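Undergrad: Once you've had a glance at the structure underneath, I'll fire off some questions.
Read the figures in this text as sums done on the coordinates, not as results from a lab. Source: prediction; values computed, not measured. Don't worry about glycine lacking a Cβ; one is built from the backbone with ideal geometry, like all the others, and counts go over all protein chains shown.
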Ligand code: CUA
């Protein structure tokens, strides 16, 4: 049998240690929340603000926005660029997206089959691509460069081989290429 005075003292020690650990745990939680809030604001994360649906069975039909000849980069009348991309097991079309630097870019991406991921390395562009929905997001690339664009949602046995490139080039060069190509043709860097 333990001495009642001893057990009273050890209960106090236990309570003190418990309070100390509770403080440490609370500090960790506050730190993690602070990191999430800071990175969210710093990277300007945005929750999805709109939902646009599309019938995945109609993607290849004539007149569809995502018909193959309409995929790639198009210059809009306001000088911005719209890039349309189709994801399917196990590739993106086009395989190489060509965009100008210092220009507002709107990506419009949809899937023909299962859920895929759209992520441009070195940027905060990161979204899911779901069949039946058009994922839309805007960005501006500061400078020319080459970015990898891997699918980052597991989409089947070929998932690890599903990726594309984003090539950001000088704005003047891009606009010259767009002029030469004319309105009907979409630009890409597919060789
Ligand atoms: Cu597509 Cu993973």
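Undergrad: Looking at the structure I just gave you, is residue 110 more than 28 Å from residue 40 (Cα to Cα), touching a helix residue (DSSP H, G or I) at 6+ places or on another chain (Cβ under 8 Å) and within 15 Å of the ligand (Cβ to nearest atom)?
TA: no
Undergrad: Check region 70-85 and report whether any residue there is surrounded by 15 or more Cβ atoms within 10 Å (Cβ to Cβ) and within 14 Å of the ligand (Cβ to nearest atom).
TA: yes
Undergrad: Can you tell me how many residues in region 139-154 are buried (at least 16 other Cβ atoms within 10 Å of the Cβ) and in a loop (DSSP other than H, G, I, E, B)?
TA: 5
Undergrad: Which one of these does residue 84 not meet: (1) part of a helix (DSSP H, G or I); (2) within 22 Å of the chain's Cα centre (by Cα); (3) in contact (Cβ under 8 Å) with a residue 40 or more places away in the chain?
TA: (1)
Undergrad: Applying the selection to region 155-191, what residues are away from the ligand (no atom under 16 Å from the Cβ), part of a loop (DSSP other than H, G, I, E, B) and out of contact with any strand residue (DSSP E or B) (no Cβ under 6 Å at 6 or more places or on another chain)?
TA: Within region 155-191, 170, 182, 183, 184, 185, 191 meet the criteria.
Undergrad: Of (1) under 15 Å from the mean Cα position of the chain (by Cα); (2) in a loop (DSSP other than H, G, I, E, B); (3) within 13 Å of the ligand (Cβ to nearest atom), residue 124 satisfies all except one. Which?
TA: Among (1) under 15 Å from the mean Cα position of the chain (by Cα); (2) in a loop (DSSP other than H, G, I, E, B); (3) within 13 Å of the ligand (Cβ to nearest atom), the lone unmet condition for residue 124 is (3).
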